[in-house]
Amino acid sequence: MLLELTFGGVLALAAEIEAPSRRASVNYNDLVCAARAVLIESTIPKESVDGQAAVAEALKNRTGDGRWGITVCDTVNMKYKVVRTQIVRKRVRGKIRKVPQTKTSYVYDISSVGMKRFDSVKGTAAQEGLATVISYDVLRGEYQLPGHLNGALHWMYRAKSAKGGVAWFDCIAESLGQAAQGDFHVFYKDADYGTLAVRWVEKAKCRKYIEVLWKAEARKQQKLELLSSIR
């Protein structure tokens, strides 16, 4: 059940997390990471409570999927190395020559995590408390999301997303819709293999995205097999 958001309720939550019988139920660091992501992505923008819980649920589902991190914090901070090479004009031994220049950058799975302008963003005490309580209930499996959001792995603000991001989801995912009317995030789950096969044949522009997804699935299987052998 979602605790009533009062100072007493937040203090009770803190005590519950610290209680010896509860320590194993929710990892404290994972709770902090999930709550921060929910706060920035959904609470401060004033999405519905279900919309905020759906972000936490997607993080939880990703962590159990195998393609992201093995902890919620790893999943929240997931990033990919991107190396770009461009030809620039440079003076070499007194002459202007065209030389290759390599630039390395990182793309974050959750875009706000990689944007410095969000580093100093803070919510009100009530907002931070709400994001924490919602994340706690979701991570413990005690929050009942609307049924149509089952299996959510991704979310996107379509109206403000780059064309490449919209194309990616249209090619490899299945829309689950919004958590509530008036919310701005649309949630997605992976499209099944039959749907991907049809898109591969009918939509040539989707093939590069599907190839990336299948490579990620292969890495996921390798990771799961490694974790299984360690356990």
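The values are calculated or read from the model by the stated rules, or taken from the named source; none is laboratory data. Given the structure is predicted, the values throughout are model-derived calculations rather than measurements. Don't worry about glycine lacking a Cβ; one is built from the backbone with ideal geometry, like all the others, and counts go over all protein chains shown.
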Return a yes/no flag: does segment 84-97 have any residue that is out of contact with any Pro (no Cβ under 9 Å at 6 or more places or on another chain) and hydroxyl-bearing (Ser, Thr, Tyr).
no
Scanning segment 31-70 for residues that are out of contact with any Asp or Glu (no Cβ under 8 Å at 6 or more places or on another chain) and outside any helix (DSSP H, G or I) gives Ile44, Pro45, Lys46, Gly66, Gly69, Ile70
Helices (runs of 4 or more DSSP H) wholly inside segment 71-181 containing at least 3 residues that are under 24 Å from Ala54 (Cβ atoms) and either in contact (Cβ under 8 Å) with a residue 60 or more places away in the chain or charged (D, E, K, R) (or both)
125-139
In segment 161-183, which residues are surrounded by 13 or more Cβ atoms within 10 Å (Cβ to Cβ) and over 23 Å from Leu145 (Cβ atoms)?
Gly165, Val166, Ala167, Trp168, Asp170, Cys171
Please enumerate the residues belonging to segment 30-88 that are loosely packed, with under 14 Cβ neighbours inside 10 Å and over 20 Å from Leu149 (Cα atoms).
Ile70, Lys79, Tyr80, Lys81, Val82, Val83, Arg84, Thr85, Gln86, Ile87, Val88
Based on what the data block shows, is Tyr136 closer than 21 Å to Asp65 by Cα and either at pLDDT below 95 or surrounded by 18 or more Cβ atoms within 10 Å (Cβ to Cβ) (or both)?
yes
I'm trying to understand the selection: among the residues of segment 55-81, which are over 11 Å from the mean Cα position of the chain (by Cα) and of a type in the set (Gly, Ala, Ser)?
Gly64, Gly66
Hey, does segment 25-36 have a residue that's of a type outside the set (A, V, I, L, M) and modelled with pLDDT under 90?
yes
Exactly one condition in (1) crowded, with 19+ Cβ neighbours inside 10 Å; (2) under 15 Å from Ser42 (Cβ atoms) is not met by Ala191; state its number.
(2)
